[in-house]
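J.: Structure below; questions to follow.
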Amino acid sequence: MTPLAKLLEAALFAAPRPIPLESLASLDTESSPAAVSAALDELREHYDVDGHGVELVEQGGGWQILTRAEYAEAIERAQVAVRPQRLSPAALETLAIIAYRQPIGRAEIEEIRGVAVGSVLKSLHERGLLDIVGRSESIGRPLLYGTTPQFLEQFGLRHLEELPRADELAIALRGAGTAVIGSAADDDA
Amino acid sequence: MIAPSFRVNDAENSGFVVELSHFTGPLDLLLSLIRDEQVDIYDIPIARIAEQFLARISTLGLDEAADYLEMAARLLRIKAQMLLPRADGEESWEDPRAELVRRLLEYQQMREVVDLLEHRGESRRHQFGRRWVPQAVDIMPANAPLSLSLGELLAAVDRVLRTTKEPTLHEVVPRSLDVAGAMGTIRAVLAMRRNARWTDLIGNDAEPWQILSVLLALLEMAKLGELRIAQHQPFASVEIMRDAISEAA
């Protein structure tokens with residue numbers, strides 16, 4: 001391995017969170033961003049080709065060394081580390097809406113889900129998966145929510161753009177079906 | 001779509017958000033009915049679906065009843081609107097179901113994202129990262145109140161003890177308690193006076209074993225009905241009284 005790849009490995013080993021590319025580049029000011037990217041590729045290949053128990057992953061807005069999935073069960077069985085709890089369907093629905101519509105207020109989330117989401121928002125906030133990103137200018141100045149880097153990390157996403165665009169989903173709202181959709185005014189005003 | 005069986009499991013395992021029902025809301029239930037009935041989402045037979053919806057909410061015992069009832073009311077209104085006569089070939093007629101269809105599609109689209117997140121989250125759960133969290137170095141102001149947990153205190157004591165090569169050991173002499181003796185003392189005091197205070201029973205320089213003996217003797221005698229113990233407010237002096245009933249006997 002090149003010295004730069006070793007340096008990156010050391011930094012990634014020491015970090016509890018994904019390290020963004022810019023931070024990795026600042027480890028060695030002599031190296032160009034391109035050289036850092038090349039060194040990352042080298043390190044990733046090193047892990048993949050030589051058969052390591054860990055791998056280099058790009059996610060959550062940065063790079064991180066993670067254990068390989070095949071060892072998860074043994075690691076958890078021996079209580080070396082604990083897997084995070086799965087989220088409930090209600091929590092996932094709420095997160096999905098926030099991920100696409102952020103910044104979004106509680107009322108809008110409730111309108112899409114059709115249920116009250118106060119307690120779900122609180123739990124998700126406690127788990128660090130969403131954050132209050134501002135206040136709406138509308139009446140009552142409700143809080144606006146957005147997802148956090150930890151959300152990306154927990155769902156193995158590099159960045160939000162990795163989620164399919166709304167028009168790429170199987171059920172795209174625009175141009176869907178033949179019924180008169182979207183033209184109807186809110187009938188419960 | 002999340003398979004219903006999976007969601008049942010998840011609700012049991014998560015403990016995160018307790019969901020009594022298998023449905024995450026009225027739209028979820030509605031979509032499930034539309035699927036079960038195999039009807040076209042763009043041409044929902046409102047009367048049939050509304051009826052089914054009402055039947056399901058009454059049997060499921062759903063906890064967020066208000067959200068479901070609101071949807072039930074909406075369905076019934078749409079059903080009524082559908083029954084209104086309309087002129088043939090009227091261009092301006094708007095399908096009363098349009099808004100509902102829009103919401104259902106929007107909801108279904110979101111559920112597609114849920115599937116994706118679920119899938120990604122599940123694979124990520126099988127990988128562990130490093131979990132070292134740096135200790136925050138906090139320089140406390142000089143007069144800050146001491147705040148530390150019992151564990152921290154014990155760890156500190158442990159560290160101090162380990163620095164001395166030969167810790168001074170204190171020899172513990174076992175002393176047996178003298179409950180019987182203490183009971184004798186209490187009886188003697190109560191024979192002379194009706195009421196006594198805890199402080200009357202133990203001397204100023206009583207040793208721990210004596211205090212414990214008196215305490216156990218008091219509890220024992222209270223159990224036997226020889227005396228009564230009262231404390232009129234927290235941390236007040238404990239009053240010891242001859243038991244009126246045993247006195248009368």
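J.: For the stretch B:196-235, just say rounded, prolate or oblate: build the C-alpha gyration tensor, square-root its eigenvalues into a ≥ b ≥ c, call rounded for a/c under 1.5, and beyond that prolate if a/b exceeds b/c, oblate if not. Show your work: numbers first, answer last.
T.: Working: a/c = 2.12, a/b = 1.27, b/c = 1.67.
Since a/c reaches 1.5 but b/c is at least a/b, the shape of the stretch B:196-235 is classed as oblate.
J.: Would you mind ranking A:His52, B:His170 so that the residue whose beta carbon has the fewest other beta carbons within 10 Å leads the list? List each step's numbers first, then the result.
T.: Numbers: A:His52 13, B:His170 6.
Ranking A:His52, B:His170 by Cβ neighbours within 10 Å, fewest first, gives B:His170, A:His52.
J.: Here is a follow-up. Starting from the Cα of B:Arg77, step 7 Å along the direction of its Cβ; do the same at B:Arg35; then give the gap between the two resulting points in nm.
T.: Those two pseudo-labels are separated by 2.8 nm.
J.: Set the Förster distance to 60 Å, then compute FRET efficiency between A:Ile139 and A:Asp50 from the Cβ-Cβ distance, nearest 0.05.
T.: Efficiency at R0 = 60 Å is approximately 0.50.
J.: Test of understanding: ordering A:Lys6, A:Lys122 by Cβ neighbours within 10 Å, fewest first, what list do you get? List each step's numbers first, then the result.
T.: Working: A:Lys6 14, A:Lys122 11.
Lowest to highest Cβ neighbour count: A:Lys122, A:Lys6.
J.: Report, in deg cm²/dmol and to the nearest 500, the calculated mean residue ellipticity at 222 nm for chain A, where each DSSP H run with n ≥ 4 adds -39500 (n - 2.57) and the sum is divided by the residue count. Intermediate values should be presented prior to the final figure.
T.: Details: 8 runs with 76 residues, N = 189.
Per the formula, -11500 deg cm²/dmol.
J.: Arrange A:Val80, A:Val54, A:Val36 by Cβ neighbour counts within 10 Å, fewest through most, would you? Present the calculation step by step, with values, prior to reporting the outcome.
T.: Values: A:Val80 11, A:Val54 18, A:Val36 22.
So the residues, fewest neighbours to most, are A:Val80, A:Val54, A:Val36.
J.: Taking every alpha carbon pair in the stretch A:1-48, what does the distance histogram look like in 5 angstrom bins from 0, in percent?
T.: Values per bin, smallest distances first: 5, 22, 38, 26, 9, 0.
The numbers here are math on the coordinates, done by the rules we state, and not lab data. Owing to the predicted nature of the structure, the values given are computational and were not obtained by experimental measurement. All Cβ positions, glycine included, derive from the backbone under ideal geometry; neighbour counts span all protein chains shown.
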